[in-house]
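The values are calculated or read from the model by the stated rules, or taken from the named source; none is laboratory data. Note that the coordinates shown come from a computational prediction; the quantities given were computed from them, not determined experimentally. Quick reminder, even Gly has a Cβ in these numbers, built from the backbone with ideal geometry, and neighbours come from all protein chains shown. Areas reflect the complete protein model, heavy atoms only, side chains present, ligands, DNA and RNA absent. Shrake-Rupley method; radii C 1.70, N 1.55, O 1.52, S 1.80 Å.
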Amino acid sequence: MKTFNEFGLEPKVLRAITEMGFEESTPIQEKTIPLAMEGRDLIGQAQTGTGKTAAFGVPLIHKIEVSEDRIVALIMCPTRELAIQVAEEISKLGRFKGIRSLPIYGGQDIVKQIRALKKRPQIIIGTPGRLLDHINRKTIRLDDVQTVILDEADEMLDMGFMEDIQSILSLVPETRHTMLFSATMPPNIQKLAQQFLKSPEHISVIPKQVSAPLIQQSYIEVQERAKLDALCRLIDMEAPELAIIFGRTKRRVDELSEALQKLGYSSEGLHGDLSQNQRDNVMRKFRDGSIDILVATDVAARGLDVSGVTHVINFDLPQDPESYVHRIGRTGRAGKEGTSYTFVTPREMDHLHLIERVTRHRITKRQLPTIAEAMEGKQRILAQQLLEIVENGDAHEFKAVAIQLLEQYDSVALLSSAMKLMAGERKEVPVELTPEDPIRVKRRPGGDIRSQGRRPSTGGSGYYGGGSRKPGERASGGGNRPYSSQRKEGGYENRSYRDGGNRSGEGYRGNRGEGYKGNRNDRQGPSREEDFANR
């Protein structure tokens, strides 16, 4: 890999890169930066987490003159979260040179954005809906734009932004430099590229495996009601620096983050019902280390890019393999190793096997840590932390009081007490989570399980049961649920639920709420309509 010194960048940009901790370029950066500095139009095909923001951000900052007092670059992103993250990285890259950038997105006060635009930013990073709003208000003019970047273009088109993007690009001068980045290359992306890019270079950095090889992936088979205890043991044993825990529903996220707080862990929740200010506050705490556990839904975590996430824990199994890949991709980024754990209930094992086949990766089974193992692991990590402080010599201000204490007390008692203090107290408080229904392998018309070629279950358990059956016929066996004659409108007979007795709550297979595979808007992030509604 090339170092950034080899690209011929100006000193102030190199200084910013060094301050951000970058040394060698990633594959997408190595291929993109030279072409971008030449002003060549390009299509970059790369997954999230490969460093593509710096791939287009570095040459962009390099070529913009500080003296410019107009908008000369436009970066379009599918969601407000991604716009904020891209803006943060662009700001870091341009801080020593003095480049001014501004994120524009729905959900933020438009008057505040108009006020910020009067400071004449040179780079605008925005979502299509809010950008069009400013263009129509004539608070943003694109007459002087020289560079356009479409980030995660496939996501934008999936969310229905094609017409908005076309409208915006039609207002930018034709003599521009255009870069398009996308994880996939469906026909509509190719059509967009043909329409707005001139003889583009195609750069492809596609991993051989769908899921990143730097991530150690494991699963733990656990009953639904034992998940919280299993999570606490895992956190105690692993002591993650930063961890993201994924729940399937908003209710799950709220309950789980509150339960962890009650038990003495530093955590907060993130889901689509939070206001933009609440989201920003939670993410700021997570990024600066004020909290070390983020509990999130798939929707809220879409596009999250936080460096230093060491662990991802799937508290609930995701609905589809794509979501699994997206979740675990929050760790093991920028060449660093990461760890993921997935909790699987016995009735969800078939769904886990489906994820393994689609991702082409074997997920290793791990046993649930015992209480003794969790405590041993916690003590080992605390000992390592203490030794690091000793080796670094960072405790000079405490030496005087330490000497006084050693004169009065036994050294072993003092050290063990210090470790207990570092460990924090596990609060014994009653907490309870509302159970979520297990995810079952979906069936194709005609009764075939999507996992073609698998042997049918013979154990008689699970939603589909076991044994032989005719096409279209429900399975028999111990795992069957009440069928039509026993169903009642709004729920199941003799089955109570905390959310009101029916199955209309989040997480039910038939409800296209958050996390359901069939709901495109929830999978991809805030909908186009939501973006417009929040402008």
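Normalised by the number of residues in segment 144-259, the mean separation of alpha-carbon contacts (under 8 Å, six or more apart) gives a relative contact order of 23 percent.
When both segment 271-334 and segment 106-171 are represented by their alpha-carbon centers, they are found 26 Å apart. Lysine pairs in segment 1-154 whose alpha-carbon atoms fall under 14 angstrom of each other, counting only those eight or more residues apart or on distinct chains, come to 7.
Heavy atoms of the protein chains alone define the surface here; on that basis segment 310-421 has 58 Å² accessible area per residue at 1.4 Å probe size.
When both segment 69-102 and segment 218-236 are represented by their alpha-carbon centers, they are found 40 Å apart.
The residues of segment 69-149 expose, per residue, 38 Å² of accessible area to a 1.4 Å probe. What's the lysine pair count for segment 204-337 at a Cα cut-off below 21 Å, pairs eight or more apart or interchain? So the count works out to 6. Electrostatic bookkeeping for VAL72 treats Lys and Arg as +1 and Asp and Glu as -1; over the other residues with beta carbon under 13 Å from its beta carbon, the sum is +1. Partner aspartates and glutamates whose Cα lies under 13 Å from the Cα of LYS191, excluding those fewer than 8 positions away in the same chain, are identified as ASP154, GLU163. For ALA116 and LYS191, a Förster radius of 30 Å and the Cβ-Cβ distance give a FRET efficiency of 0.30, rounded to the nearest 0.05.
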